[in-house]
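The block underneath contains the structure these notes are about, expressed in structure tokens.
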Amino acid sequence: MIKLAGDIGGTHSRIALLITQQSKQDILIEKTYLSTQYSSLTAVIEDFLLAHKISLPIDAVCFAVAGPVVFGALNTSTAKITNLPWKISEQEISKSLNTNNVKLINDFSAAAYGVTTLAEDNFSIIYHGKRNIVDDNIQDAVIMGAGTGLGVAHIVSLTGNYHVYPSEAGHVGFAPVNILQCELLIWLYKKHQHVSLEMLLSGNGLMTIYQFMHDIKKIPESSNVIKNMKLMDPAEVISEAGLLAEDELCRQSLDVFVDIYAAAASNVVLHYYPVKVLYIAGGIAPKIIKKLNSQPFINTYLNKGSMSYIIEKVTVKLVLEDKVGLIGALSLV
């Protein structure tokens, strides 16, 4: 049985072709594409099939997409990539690949299924939850992660199996937790009618914080950082310079970003409580693991007033496997 799966994001689209024989799956081909270089998912698929001279009939398809999926009857589900002008439909993919077995799912639903298959060495423990015997009966979890956008999904354990429920929680309103963040929110409200959490907790969000710290807090911008931003992704430049503490504007911008991440993490836990584990995935977190492992992150994560004792029980795990979304899609195809 020939299967096609993919993890389709605003920055990258990962496609894999695999063969299933006697319940064993082997990946034959895997490739990553820059999403912005294509006009549609269908164009990416066609390029993948043509480049690898694939003429075999595709028996089943599953694509995890970075945006809300509107579910319908057989092959009528549709989706729109939040950070790309792509509209995707199961019907179009079905027609293109000549198969009726097509499934679209949210990308963080795929990541959620993916983490349930990973071994423990694919995680780094950020915080050990302080649990008791009663708490051990709780097996549910939640996953969140910042990258091009911000995703969240709920992992529910039912009768020995995991069921995943997607969300668009990345688009809830940003909730500041200190005076500086209140100033940041006011600054953004002068430009936008709605300030979502994703507008700050994402690659573009880190750049937004950088601009705020420069324009409003008057921290000078270095010529070296400006030069590097023309050659590399600005968020990566800020992260790298901030981690090395070699640029004050980048360092403080990254600190604000991490503080927002920590507060959002425990907010997510409260939204979906009771949960045993909070998984942090996405493209940014592994690159700033040093900051996530720091005491300031833990302090902000735990700071939930009368609900802090609940947050203290939940273990935080950083997902080190960057293909967790593709792994989840492969498990469902």
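The values are calculated or read from the model by the stated rules, or taken from the named source; none is laboratory data. Please read all numbers here as calculations on a predicted model, not as lab measurements. Note: ideal-geometry Cβ built from the backbone for every residue, glycine included; neighbour counts use all protein chains shown.
Scanning region 99-116 for residues that are under 15 Å from residue 155 (Cβ atoms) and either among the aromatic types (Phe, Trp, Tyr) or in contact with an Asp or Glu (Cβ under 7 Å, 6 or more places away or on another chain) (or both) returns 107, 108, 110, 113.
Listed by first and then second residue, the pairs with beta-carbon distance under 9 Å, at least 6 apart or on different chains, first residue in region 71-83 and charged (D, E, K, R), second assigned to a strand (DSSP E or B), are 80/65; 80/70; 80/87; 80/88.
Residue 39 fulfils the conditions (1) outside any strand (DSSP E or B); (2) modelled with pLDDT under 95 except for a single criterion, (2). Which one is farthest from residue 311 (Cα to Cα) among residues in region 270-280 that are aliphatic (A, V, I, L, M) and surrounded by fewer than 23 Cβ atoms within 10 Å (Cβ to Cβ)? Among those residues, the one meeting the criterion is 277. Once region 73-116 is narrowed to residues that are among the aliphatic types (A, V, I, L, M) and part of a strand (DSSP E or B), the residue that is nearest to residue 143 (Cα to Cα) is 105. Check residue 174 against each of (1) surrounded by fewer than 19 Cβ atoms within 10 Å (Cβ to Cβ); (2) more than 23 Å from residue 320 (Cα to Cα); (3) not small (Gly, Ala, Ser) and name the one condition it does not meet. Exception for residue 174: condition (1).
Pairs meeting the criteria (first residue in region 107-124 and of a type in the set (Val, Ile, Thr), second residue in a helix (DSSP H, G or I), beta carbons under 8 Å, at least 6 apart or on different chains) are 115/324; 115/328; 117/327; 117/328; 117/331.
The combined condition, being charged (D, E, K, R), modelled with pLDDT under 95 and assigned to a loop (DSSP other than H, G, I, E, B), is fulfilled by residue 53. Given the criteria among the polar types (S, T, N, Q) and farther than 27 Å from residue 171 by Cβ, does residue 139 qualify? So residue 139 passes the test.
All of 233, 215, 259 fail the test of being under 12 Å from residue 184 (Cα atoms) and out of contact with any Cys (no Cβ under 8 Å at 6 or more places or on another chain), apart from 215. Could you say whether any residue in region 119-127 is more than 30 Å from residue 233 (Cβ to Cβ), part of a loop (DSSP other than H, G, I, E, B) and in contact with a strand residue (DSSP E or B) (Cβ under 8 Å, 6 or more places away or on another chain)? No - not one qualifying residue is present in region 119-127.
Put simply, of 210, 189 the only residue that is of a type in the set (Phe, Trp, Tyr), over 24 Å from residue 318 (Cβ atoms) and at pLDDT 95 or above is 189. State whether the residues of region 62-72 include one that is outside any strand (DSSP E or B), crowded, with 20+ Cβ neighbours inside 10 Å and touching an Asp or Glu at 6+ places or on another chain (Cβ under 6 Å). Yes. Flag set for residue 259, criterion: among the charged types (D, E, K, R) and buried (at least 18 other Cβ atoms within 10 Å of the Cβ). Of the residues making up region 237-252, those that are over 23 Å from the mean Cα position of the chain (by Cα) and either in contact (Cβ under 8 Å) with a residue 24 or more places away in the chain or farther than 13 Å from residue 288 by Cα (or both) are 246, 247, 248, 249, 252. Only a single criterion out of (1) within 18 Å of residue 108 (Cβ to Cβ); (2) among the aromatic types (Phe, Trp, Tyr); (3) assigned to a helix (DSSP H, G or I) is not satisfied by residue 187, namely (1).
Filtered by the rule that a residue be touching an Asp or Glu at 6+ places or on another chain (Cβ under 8 Å), part of a helix (DSSP H, G or I) and surrounded by fewer than 18 Cβ atoms within 10 Å (Cβ to Cβ), region 281-333 gives 286, 287, 296, 302. The residues of region 189-212 that are hydrophobic (A, V, I, L, M, F, W, C) and within 22 Å of residue 236 (Cα to Cα), listed by number, are 197, 199, 200, 201, 206, 207, 209, 212.
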